[in-house]
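Have a look at the structure below, then the notes.
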Amino acid sequence: MTRPRRTVLAAAAAVVGCSLSACSTTDGTRSDTAPPAATVSASQDTGSAEDAQDAQDDSDGDTFVVALDETATWKNGVKAHLSDFGRGTSGEYASPSGEPYLAFSVTLQNGSKSTIDLAMVGLSCPDGADEIFDTDAGFGGAPDTHLLPGKSQTWKAACVFPKTAKDAQIEITPTDSSDSGWYRTAIFTGQVR
């Protein structure tokens with residue numbers, strides 16, 4: 001049983017060694033001047049510990065609020081979750097280029113009975129900032145495909161986000177191919193360190 005422990009210790013040593021030296025890559029996701037990965041904390045108390053990981057679309061307004069580290073669940077069973085937050089600077093060939101960004105993964109799970117067109121999923125960045133498109137870093141927008149019922153899909157996204165900014169608000173609005181046409185917007189909000 002010492003083999004897994006050695007692997008974990010070796011990986012931890014590599015991470016510490018990289019953070020102490022000037023590690024860099026050429027893929028646009030980390031450079032010598034890139035800040036370390038962001039830590040996310042929820043900006044609101046959404047209730048008891050039992051429901052702290054989910055926010056349910058249960059009102060009749062156009063939006064519902066979700067902490068950055070929660071999962072948004074729409075009435076028909078569709079779920080969205082943001083994870084893997086990090087900061088960086090967009091590459092030379094990105095659009096826009098040379099901008100500080102907040103990167104994250106978007107996971108959409110289709111628990112409904114309708115197909116969801118992922119190309120039609122709306123993503124709004126903090127303060128109306130631009131979304132970063134950088135194929136070298138894997139930021140190509142939502143996949144141009146349909147998500148069948150019972151399936152899930154994850155993709156990477158990034159938004160222009162100043163290096164000193166802490167308050168993040170990211171909005172996700174899925175659509176479907178049925179007659180209902182649109183969903184309410186989930187507003188993910190919280191602090192990024």
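Side notes on the structure shown:
- Karplus-derived 3J(HN,Hα), 6.51/-1.76/1.60, for each residue of the stretch 131-147, Hz, glycine and proline x: 7, 8, 10, 8, 5, 4, 9, x, 9, x, x, 5, x, 8, 8, 9, 9
- Built amide H within the under 5 Å cut-off of LYS151, gap 5+: ASN110
- Across the stretch 106-116, coupling constants 3J(HN,Hα) worked out from phi with the 6.51/-1.76/1.60 Karplus curve, θ = phi - 60°, read 10, 10, 10, 10, 8, x, 8, 9, 10, 7, 10 Hz, and Gly and Pro carry x.
- Per residue convex hull volume, Cα atoms of the stretch 79-144, in Å³: 93 Å³
Bear in mind that the values in this text are calculations on the coordinates, not laboratory data. None of the values given here were measured: they were computed from a predicted structure.
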